[in-house]
Amino acid sequence: MPISKLLLAVVPALALLPATVRTNRGPAPLRTATLETVVEPPEEPRNTYWCVRHGQSTANVENIISSNPAIGSTKHELTALGKEQAHVAGADLWANLSELEVPLEDVVVYSSNFTRARETAQIAAYEMQRRAQIAAGDWEAPPLLQIGLLSDLRERDFGSLDGLSAGNYDNVWPRDMASPFDGTDGVEPVADVCQRLSNMVDLLEKRHSGKQVILTAHADVIQIFQTWFAGCDVRAFSSYRFANGEVRRCDRAGECLPVPAPMQSQAAAAL
């Protein structure tokens, strides 16, 4: 993969920024500049990419980190609320695609193989097809959406923190802000996540053209994806948090990024 020098910024603690700093969507303001080596995003992707965070899972309710594929792919399924959120995600996707007049034939769905993401993708795909059938008045339509599993969409590896309290994110994210190469406690560095996401996009760009590609995965992974894809400072990914079941289109200009928010403690959160 080609490696280039991307201009990254040392982002000050967002909690110290006044709420009035941002009034529009887009990348966080860049203050002091420095150079770091991170794989570059594609310049002109052939497809449009959408990210969906999985619905609430039992791991979220327990407020624990679940990043081991051997466990996450067999346990930590969606809760009842998480399933509702997945249905809402499917409805949201259908509304956006309908507005763009995109037929389901031009939609492809991929997911992490973790149970919570896979179940979300399945429910969202069902909801999109159900709404398409209602709109067309055709209940005999063949299945148009199948789900591919991609290992590069798996949860970020949190090393020795796996299985522990989600409050440990409070220590990881500030280190991410300092450097995309930090691997303290065996946590997968942000730069390594960017590399595997770049590998994934290379694969999908070769496989598809002119498609709406839906990626169902995990908070850190899709937050890193959206900032990396937009060519923004990947260290600030935690400022653009996805809620459970949230749908967001990713664009190269960063126009689809929400207003950055100060980091909130995860010590007592059920995400």
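Just so it is clear, none of the values below were taken in a lab; they were calculated from the coordinates. Every value quoted in this text rests on a predicted model; they were computed, and no experiment measured them. Cβ atoms come from the backbone with ideal geometry, glycine included; neighbour counts cover every protein chain shown.
Can you give the extra length, in nm with one decimal, that the chain gains between Glu44 and Arg249 once fully stretched, where that is 0.36 nm per residue apart less the Cα-Cα distance?
Contour length minus Cα-Cα distance gives 72.2 nm.
Using +1 on the beta carbon of Lys and Arg, -1 on that of Asp and Glu, and nothing else charged, what's the dipole of the range 45-250 about the Cα centre, debye to 20?
Values: 19 positive and 27 negative charges, 31 e Å.
It works out to roughly 160 debye.
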| By average Cβ neighbour count within 10 Å, what is the ranking of 193-202, 81-90, 248-257 from highest down? | 81-90, 193-202, 248-257
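For the residues Trp94, Trp228, what sequence is obtained by ranking on other C-beta atoms within 10 Å, fewest first? Mind showing how you got there, number by number?
Working: Trp94 22, Trp228 27.
Lowest count first: Trp94, Trp228.
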| note | Of all DSSP beta bridges with both partners in the range 45-250, the antiparallel percent, nearest 5, is 30 percent
| query | What is the packing order of peptides 48-54, 156-162, taking the mean over residues of other C-beta atoms within 10 Å and listing the highest first? | reply | 48-54, 156-162
| Could you give the nm distance between label points at Ser179 and Gln133, where each point is 7 Å from its Cα heading toward the beta carbon? | 5.4 nm
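Provide Rg over Rh for the range 45-250; use the alpha carbon set for both Rg and the Kirkwood Rh (inverse mean inverse pair distance). Before the final figure, lay out the partial values.
Details: Rg = 16.8 Å, Rh = 17.2 Å.
Taking Rg over the Kirkwood Rh, I get 0.97.
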| Given labels modelled 7 Å from the Cα in the Cβ direction, how far is it in nm from Glu62 to Glu140? | 4.8 nm
| note | For His208 and Leu100, extending 7 Å from Cα along the Cα-Cβ vector and measuring point to point gives, in nm, a value of 1.0 nm
